[in-house]
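Visitor: Below: one structure in structure tokens.
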Amino acid sequence: MRIVIVDDEDLARLRLQRLLADIEGCEVVAEAANGQQALDCIEQVQPDLVMLDVRMPGLDGMSVAERLAEYDEPPAVVFCTAYDEYALEAFNTLAQGYIVKPVQKQQLEQVIAKSRRLTRPQSAQLQDGQGEIRRHISAKTRKGMELIPIDSIYCFIADQKYVTVVHREGETLIDETLKELESEFSRLFARVHRNALVAQDKIEAMEKERSGQYCLKLSGTEFKPMVSRRHLPGVRALLERL
């Protein structure tokens, strides 16, 4: 993975470089001390990943990320900053990750692993008519702002005012509606019930219970979302295509 480090502090760049040197498959191909330098470097070396500080003189990190999102094949972006209050804004720029300094090697390894799942050519393929879709769902939890990778989500389940995200690490409440989620992720998630959206790539089979109701067996989880009669024909058609 070819990486560009962007930070206005020399010591911060040096620390990241040392940490990345110990992670297999990572190569730092350029460094930049401000936003404009970053854009020039990225155009020149075409990295897979940009490690990006938020607060910098001139063009800040958020502005750089917004510019990168306009590229046909943008690199993955991971924010690395001393400030945790920019997490939601970072998520809105389609960042792949958000690390608060001082950076720990374990954190860096985790975010690098996630970034590898979505390479630059793959990110271009995940575009809809309105531009590139989000790579994470954000949620406010006891731990602070949590970013849930889209590829780790099994389904979204609505219950009155809230939507629960069932994902690889557990279940998390979010403040979004199923209608909004269905509109944005229609190519990745299928409506199977008025209260449920399911990740198409996680569906293994449809099962009929003793009660006569249908549910979906998903890979990687024991959770089985129900399929309503109204959506049964659409789910059967989807299973034929998968």
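Visitor: If the elastic network links every pair of Cα atoms under 10 Å, which of His136, His193, His231 fluctuates the most in the Gaussian network model of the chain?
Guide: Checking each option, the largest mean-square fluctuation is seen for His231.
Visitor: What residues of region 1-45 lie in the reach of a label at Asp72, counting those whose backbone N is under 16 Å from a point 7 Å from the Cα along Cα→Cβ?
Guide: Taking a point 7 Å out along Cα→Cβ of Asp72, the residues of region 1-45 whose backbone N falls under 16 Å are 43-44.
Visitor: Take the alpha carbon gyration tensor of region 148-241, find the square roots of its eigenvalues, order them as a ≥ b ≥ c, and report rounded if a/c is under 1.5; if not, report prolate when a/b exceeds b/c, else oblate.
Guide: Rounded.
Visitor: Work out Dmax and Rg for the chain from the C-alpha atoms and quote the Rg first, both in angstrom.
Guide: Reported Rg and Dmax, both Å: 19.8, 65.
Visitor: Still on this structure, I have one more. For a protection proxy built on the mean count of beta-carbon atoms within 10 angstrom, sort 69-77, 20-28, 40-48 highest first, please.
Guide: 69-77, 40-48, 20-28
Visitor: Still on this structure, please answer the following. Residues of region 1-25 with backbone nitrogen within less than 14 Å of a virtual label 7 Å along the Cα-to-Cβ line of Leu59, please, listed as ranges.
Guide: 6-7, by backbone N distance to the label point.
Visitor: Would you mind calculating the relative contact order of the chain from Cα pairs under 8 angstrom and at least 6 residues apart, reporting the percent as a whole number?
Guide: 10 percent
Visitor: Hand me the tally of lysine pairs in the chain: alpha carbons under 22 angstrom apart, and the pair either on different chains or 8 or more positions apart.
Guide: Eligible lysine pairs with Cα atoms under 22 Å apart amount to 19.
Visitor: Give the long-range amide H neighbours of Cys80: residues separated by 5 or more places, or on another chain, with amide H under 5 Å away, using H modelled in the peptide plane at 1.01 Å from N.
Guide: Correct list: Leu52, Asp53, Val54, Ile99.
Visitor: Tell me the mean residue ellipticity at 222 nm calculated for the chain from its helices only (DSSP H runs of n ≥ 4, each -39500 (n - 2.57), averaged over every residue, nearest 500).
Guide: Roughly -8500 deg cm²/dmol at 222 nm, from the helical runs in the chain.
Visitor: Under the definition of Cα pairs under 8 Å and six or more residues apart, what whole-number percent is the relative contact order of region 148-241?
Guide: Across region 148-241, relative contact order equals 20 percent.
Bear in mind that the values in this text are calculations on the coordinates, not laboratory data. The structure presented is a predicted model; accordingly, all values stated were derived computationally and were not measured. Cβ coordinates were reconstructed from backbone atoms using ideal geometry, including for glycine residues, and neighbour counts include every protein chain displayed.
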